[in-house]
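In what follows, a single structure is set out as structure tokens and then discussed.
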Amino acid sequence: MCRLILALLLVGVLGSQARDFVTTDGVLFRSTKVTRVEPMGLMISHEDGLAFLEWKRLPESLKRENGFSEERYAAAIAEVQRKESIEKARLEKIQADRLRSLTQSAVNMVRLALLAVRTSSELSLFVKTLPVAPPTLAARGYESRSLQDRDFTERNYQAQRRSVAPVYSSRQCAGTTKKGYRCRRTTSSGSYCYQHP
């Protein structure tokens, strides 16, 4: 009984020993141990790190030792190809949707540009039909006694129309808060807000 246990331990130790092998494409792996068996190949650890090797790259001895099955390998390749084709179709659909969206945006922009051109041409036609002379001063509420007064009033009216509305400037308050920061309130008159007189 003791011999049987010793023999099993010896086989286990010898079987788990690291070994070197060369793949079918000529790459040498030193001190390798199989860490995981998958349908597509083996995950191995070697002296330079970890590597995944497909069954087609492995020597026949490693294939036999790790239970290689041609049917499972073919099924795994077919499954990977199926998933890749689904992903490719999904990406092509996304790309087609984006292209369709960009095309629709471009068409809409052209339509807006044509509408703007049409609108501006209609607007220019409308402007051409408007009366050229401005309304009379009497219609605006001005009554002048002489031609000179009328001219002065007209210039004054046009100057008022061109003038810009008064600008109310606001500034940040120059006061300091209890924490020592500058006050963030704005003030329209003076340099301090209502809290910092």
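Of all residues in segment 76-98, none that is over 30 Å from GLY41 (Cα atoms) has its Cβ atom under 6 Å from the Cβ atom of a residue that is at pLDDT below 90, 6 or more apart or on another chain. In segment 19-55, the residue that is nearest to the chain's Cα centre (by Cα) out of those that are closer than 20 Å to GLY67 by Cβ and assigned to a loop (DSSP other than H, G, I, E, B) is MET40.
The set of residues from segment 44-64 being farther than 15 Å from ILE77 by Cα and surrounded by 14 or more Cβ atoms within 10 Å (Cβ to Cβ) comprises ILE44, SER45, HIS46, ALA51, LEU58, LEU62, LYS63. Being in a helix (DSSP H, G or I), out of contact with any His (no Cβ under 9 Å at 6 or more places or on another chain) and at pLDDT 90 or above is a property that LYS83 has. When the criteria are applied in full, ARG72 fails the requirement of being more than 15 Å from VAL37 (Cα to Cα) and surrounded by 10 or more Cβ atoms within 10 Å (Cβ to Cβ).
The C-beta contact set for segment 169-181 (first residue of a type in the set (A, V, I, L, M) and surrounded by 10 or more Cβ atoms within 10 Å (Cβ to Cβ), second residue modelled with pLDDT under 90 and part of a loop (DSSP other than H, G, I, E, B), distance under 8 angstrom, 6+ apart or interchain) comprises ALA174/SER191; ALA174/TYR192; ALA174/HIS196.
The values are calculated or read from the model by the stated rules, or taken from the named source; none is laboratory data. All values derive from a computational prediction rather than experimental measurement. Cβ: placed from backbone, ideal geometry, glycine included. Neighbour counts: every protein chain shown.
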